[in-house]
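First up is the structure itself, then whatever we jot down about it.
The values are calculated or read from the model by the stated rules, or taken from the named source; none is laboratory data. No experiment lies behind these values; they were computed from the predicted model shown. Positions of Cβ are generated from backbone atoms using ideal geometry, with glycine treated the same way; all protein chains shown enter the neighbour counts.
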Amino acid sequence: MTFARIILITFAACGLACGCAHHDNDDPPQEQLPKIQTHWDETPLKLQQASTAVAQGSTPLAFIFTNGGPIHVMDVTSNVLVASGTVGDQTLVRVDDRHGVIAGDVTLAPGPLIAGHQYAIYADPTTRNVIRQGTGPPAPLPKQKP
């Protein structure tokens, strides 16, 4: 066999191996795929959620809530709820003997408060205490470039 024939047979074999692949998209259109329903399983966590004291002490007391949500303020000395409400992001909550409890520019509880008492500002949980797992339809097929 000559060198030219070997080269010719090699190129022919490569052409058959690489060039005979079917390049059309054999995937069915999205409309023809079976519809898969989304299903979620939730498992309650054993740890119980609780409010978290973000600031505690004598007046004046203040805390800036980076993320808003439900809050409440307790008189720790007498174990009494002083105020509760929902604050927005970047809200300053302050507890003052004379003015009461103020969140931003909203008075949650007017003053005067009892001087010399200890107060606590609490952030309350906002989510359900569960682990969530789900199954659902696959993501849409990417569009092919021409």
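Considering 91, 86, 127, 135, the condition of being farther than 30 Å from residue 40 by Cα, under 31 Å from the mean Cα position of the chain (by Cα) and hydroxyl-bearing (Ser, Thr, Tyr) is satisfied by 91 alone.
Of everything listed in (1) assigned to a loop (DSSP other than H, G, I, E, B); (2) at pLDDT 95 or above; (3) of a type in the set (Lys, Arg), the single unmet condition for residue 128 is (2).
Each residue in segment 86-115 was checked for being surrounded by fewer than 16 Cβ atoms within 10 Å (Cβ to Cβ) and not basic (Lys, Arg), and 14 pass.
Just so you know, in segment 65-116 the residues that are in contact with a strand residue (DSSP E or B) (Cβ under 8 Å, 6 or more places away or on another chain), of a type in the set (S, T, N, Q) and not in a strand (DSSP E or B) include one that is nearest to residue 127 (Cα to Cα), and it is 90.
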